[in-house]
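Some notes on the structure that comes next.
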Amino acid sequence: MMRLNFLCRIPLLLLLMAASPVIAQEATQEPLAEGLHIVSAAPEEQQDIYGQNIQVAVGEVLNNTETPYANLLLSAQVFDADEEQIGEGFGYLVDICGAGLLPDYVLPPAHSQRFNIPLELYENDAEIDTIQVTAEGEPIPADAAIEEDSGAITQISDQEVINVIWEGPRSLDYAIGCPRDLESEWSWHRYNRISQRDQAVDYASAELITPELLEILNLTDPLIYQNSRLSFAPGGTRLVYQDRVNRFYTAAIDGRFQRQIFGSLNNRSLQTIEWLDDDRFIARYFGAYGDPVLYFTADAEGRALSLAPANNRASVIMPGASRDGRRVIIAGTFDTDAGENILGYYIHVVTNGFFELLFEAEPPGLNYPQPVPIVDMEAGVVSHVFVVRPVDGENMLQCFNRGEGTLTNITPVPLQLADSDRSGMWLSPDGTTMAIAATGANGGLWLVNLLTLPHC
């Protein structure tokens with residue numbers, strides 16, 4: 001059993017009244033025992049499940065060893081300036097959205113994970129001077145069944161990566177963040193495949209989000225703005241968002257020339273917007289895990305490519321769109337031309353209604369990456385489709401060759417997904433590398449070199 005302590009000293013006294021605001025404080029870091037380390041900790045005001053304001057110690061614990069740790073226990077003791085204990089708390093590990101991790105979570109080597117410790121103060125008017133955080137964990141043997149990296153897959157990040165945008169065949173931007181937050185609130189990074197340089201970058205459209213823009217778009221209310229899914233076309237001149245009743249709009253980046261694409265979406269939950277080529281995008285709607293996924297494709301000028309979400313066949317997986325937004329791959333049980341109900345993957349050409357079974361297969365949940373269709377530009381049809389599915393107990397990147405009607409196993413991928421996690425994959429412009437990302441406790445970003453793997 002490993003045990004460590006961390007003293008979070010607060011230089012300014014913080015009055016902890018039930019309705020008082022929290023003043024952000026910087027936590028000092030002190031040397032700890034080798035192994036587990038508390039790398040950050042700070043007090044924060046949050047709401048409990050009853051809507052009451054409570055004080056929470058939030059921070060990160062780092063496994064600084066080569067051994068995984070399980071059964072992590074976190075506790076805190078709170079002291080005043082006279083070094084008298086005035087409160088305590090017991091905590092848990094959380095993901096980037098603040099949701100608690102499952103009890104069987106294992107903290108990998110060289111990995112940090114967020115934690116929350118709700119604090120119970122003995123007196124409402126107590127003044128905090130010091131928070132002492134204690135972490136305990138059990139070292140466990142590394143999983144001998146994990147195969148060595150074949151060289152085809154390179155891990156770029158072990159953080160919760162929610163989005164990837166290829167800037168070209170050699171570089172990409174990726175975002176670390178909570179799926180329910182706006183893309184402007186995510187932490188963005190740029191990775192160069194040649195130099196292997198990874199650096200933090202500003203959100204590309206940060207300077208465009210001004211009070212004037214939000215006023216023009218009627219997004220000045222914080223709750224309406226948070227629900228807007230405001231997103232800017234990468235390198236483009238327009239943006240998309242939804243209003244207070246979920247009507248979907250496009251507009252110029254200064255808020256002018258607003259155009260509604262679809263209305264009557266007040267009972268739908270917009271979850272993701274994925275940008276394609278030429279300012280086109282796919283918008284996906286669903287509620288909780290296991291709910292059917294609705295979608296539409298359109299462009300930032302306000303032209304719908306598909307029918308409204310309610311008029312498209314619902315999918316049991318995240319729908320994946322071709323780069324032109326004209327073709328969408330979904331999964332589910334549907335009637336075929338032969339009159340059979342078959343569970344499998346289907347192609348839907350949204351511009352003319354063409355719908356066809358690609359292959360029979362058991363699809364995964366909507367927490368798995370969306371399919372990536374490849375269009376043969378000369379023939380004008382989808383020739384190949386990449387998918388990730390569980391196969392014989394491991395998550396497998398597969399490729400369906402439409403011309404030959406074959407489904408080929410390409411490589412196992414290191415995804416360990418809980419139901420609440422999100423994941424996705426994005427093919428590089430030159431078609432040689434697949435980026436696969438995931439959120440959650442086992443989130444990260446991986447690059448798959450397709451040139452070194454079986455040909456599809």
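The values are calculated or read from the model by the stated rules, or taken from the named source; none is laboratory data. Keep in mind that what you see is a predicted model, and the values were worked out from it rather than measured. Note: ideal-geometry Cβ built from the backbone for every residue, glycine included; neighbour counts use all protein chains shown.
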Subset of region 307-338 (residues that are more than 19 Å from residue 374 (Cα to Cα), part of a loop (DSSP other than H, G, I, E, B) and more than 24 Å from the chain's Cα centre (by Cα))
307, 308, 312, 313, 336, 337, 338
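Between 320, 287, which is more than 28 Å from residue 236 (Cα to Cα) and touching a residue at least 12 places away in the same chain (Cβ under 8 Å)?
On the way: 320 fails: more than 28 Å from residue 236 (Cα to Cα).
Answer to the check: 287.
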For residue 302, indicate whether it is more than 15 Å from residue 382 (Cβ to Cβ), at pLDDT 95 or above and surrounded by fewer than 20 Cβ atoms within 10 Å (Cβ to Cβ).
yes
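I'm checking my understanding of the structure. Among residues of region 343-402 that are among the small types (Gly, Ala, Ser) and within 21 Å of residue 414 (Cβ to Cβ), which one is surrounded by the most Cβ atoms within 10 Å (Cβ to Cβ)? Break it down stepwise before answering.
Going through region 343-402, the residues among the small types (Gly, Ala, Ser) turn out to be 344, 353, 361, 365, 379-380, 383, 393.
Those left that are additionally within 21 Å of residue 414 (Cβ to Cβ): 365, 393.
Details: 365: 14, 393: 7.
Out of the qualifying residues, it is 365.
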What number of residues within region 355-386 satisfy the criterion of being farther than 20 Å from residue 429 by Cβ and in contact (Cβ under 8 Å) with a residue 60 or more places away in the chain?
3
Show the residue pairs that are 6+ apart or on different chains and have beta-carbon atoms under 6 Å apart, the first residue being within region 234-247 and assigned by TED's automatic domain parsing to the domain that holds residue 202 and in a loop (DSSP other than H, G, I, E, B), the second being surrounded by 15 or more Cβ atoms within 10 Å (Cβ to Cβ) and of a type in the set (Phe, Trp, Tyr).
234/275
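From the list 218, 311, which one is more than 30 Å from residue 168 (Cβ to Cβ) and in contact with an Asp or Glu (Cβ under 8 Å, 6 or more places away or on another chain)? If you could, list the steps in order and put the result at the bottom.
Values: 311 fails: in contact with an Asp or Glu (Cβ under 8 Å, 6 or more places away or on another chain).
When all the criteria are applied, what remains is 218.
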